[in-house]
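Everything below concerns the one structure shown next.
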Amino acid sequence: MTQRILLVGVVVLLLFGLSALATSPFSGSWEAALAISPSPFSISQFSSLLTVDYTIGGFTASSDSEVHLTGFIWQGFGITGSLGAFNVRGDVLFGPSTGDFIYDQLIITTDIAGISFGLYAAQLSSDVLGGPADGSVLRVAGSVTSLEIVNCFEMGARVEDADCDGITIYHAATGLRRYYATNPLMVGKGFTGDKLTVSGWSFACLSNGSVSLYMSDQGFDSLQFDLSGLGTGLSWFNVDVALTFQLQTKALVLTPTVNFGDSTCIDTYLEARMGSADTSIVGIELYGIGATYTAGDVTVKDVSVLDTGRYAITTEEYGSVIEDRGDAVAGGHEVCAGYWEMLSIAVAGDACCGYRYSFLADTYFASGGGLFDWAMAHLEATIPVSQALSIRGLLEVSTSGLNHLGLGVALSW
């Protein structure tokens, strides 16, 4: 019954927005890209994303259709707007190639006397890993002096916050993903947990701290302390601490940070090495280092991995940072495995029609590569032709030759 009510509620909101399509202004965009691999010749990538928005009074209804080489992957519908003092958002996702309903969510928020209230409800189809599932969360947030207090009353779901992600839905054949704030976890459950978080407190050498208490329907689950900027007596060296207590276990995560000052842009990737009993620090491992320098419209970035067996550089989409391979897999992050260094040059500037052009060159190095261990170069550029049209080019070469050659267009109205 809960699933039917939720789905009907979202669909009614969508139909309400789409019903005035013929008399309402609309806008949208279309992006398409094609990439080929010359040896042997094949179409390695094709993508098309059509997005259309319809504005009706205080509501905006949207439709997005995503097609790739393997077929019609996603068809999403959404609506956002206000009903009096309430802000409303609804989302529905379908898999057109298989004709499956995949996911929907309904979010209603409002502010009363400085306190924010939010109801988050969602359901996941049985055709998706983790489904079927449905649930909701009642979120209440407010502040007292410098403290921010958030309480999430969970009924079979969790909602995105500082310590918890929403849900990422993957398409196995292509690796495509969609992200939503509400994560349903089970079917037909009532109360499943309550999470209380108090953040923004500081004392002594702590600049920012938070504590989270989680109670499940079985009783106490966990108590977590997050301490940022814990001083060490050295102005350039601090430690972030995450301490978690559960019924039978205690977990301590230390993240050392080195501060070189505001005028420098150097990132150090450090990890505290614990003793066998996890009660003492036996050393600090430096597994990567990065540097970024910006001058006008030009940004130069260099990232080096010191332990390529455990760590890798993420792709440009995920920030080109060093990440543990296991964490990357768990988070669905794409990495450039096997490379020990990346040198990147990005240029952006003003072009016609008030838009900006961009150019990016990422060069990767690996042991056993070519000259100076050069292994692969990825180049892409975006050039606006008019206010509504821009063209994008892509070139990727490696020690084995030309890997990909691509062309894309983006049209908006």
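Rule-based calculations on the coordinates, nothing more; no lab input. This one's a predicted model, so the numbers in the text were calculated from it and none came from an experiment. Quick reminder, even Gly has a Cβ in these numbers, built from the backbone with ideal geometry, and neighbours come from all protein chains shown.
When the convex hull of the C-alpha atoms of region 123-223 is computed, what volume per residue in Å³ does it have? Each step should come with its number before you reach the end.
Numbers: hull volume 12.4 nm³, N = 101.
About 123 Å³ per residue, rounded to a whole number.
For region 90-180, state what percent of all Cα-Cα pairs lands in each successive 5 Å bin, counting from 0 Å until the bin that includes the largest distance. The calculated distribution, bin by bin, is 3, 12, 21, 22, 15, 11, 7, 5, 3, 1, 0.
Residues K250, K195, K189 in ascending order of nearby Cβ atoms (within 10 Å, fewest first): K250, K189, K195.
Percent relative contact order of region 298-367, based on C-alpha pairs within less than 8 angstrom and at least six residues apart?
On the way: 128 pairs, mean separation 22.7, N = 70.
Result for region 298-367 is 32 percent.
Between F191 and K250, the modelled label-to-label distance comes to 3.0 nm, taking each label 7 Å out from Cα in the direction of the beta carbon. Under Stokes-Einstein, with the Kirkwood radius over Cα pairs as Rh, the value for region 278-413 at 20 °C and 1.002 mPa s is 127 µm²/s. Between S400 and I43, the simple spin-label model (points 7 angstrom out along Cα→Cβ) gives 2.2 nm. For region 324-356, backbone nitrogen atoms closer than 18 Å to the point 7 Å from A295 Cα along Cα-to-C-beta are found at 343-349. For region 330-389, the equivalent ellipsoid built from the Cα gyration tensor has semi-axes of 31, 15, 8 Å, listed from largest to smallest.
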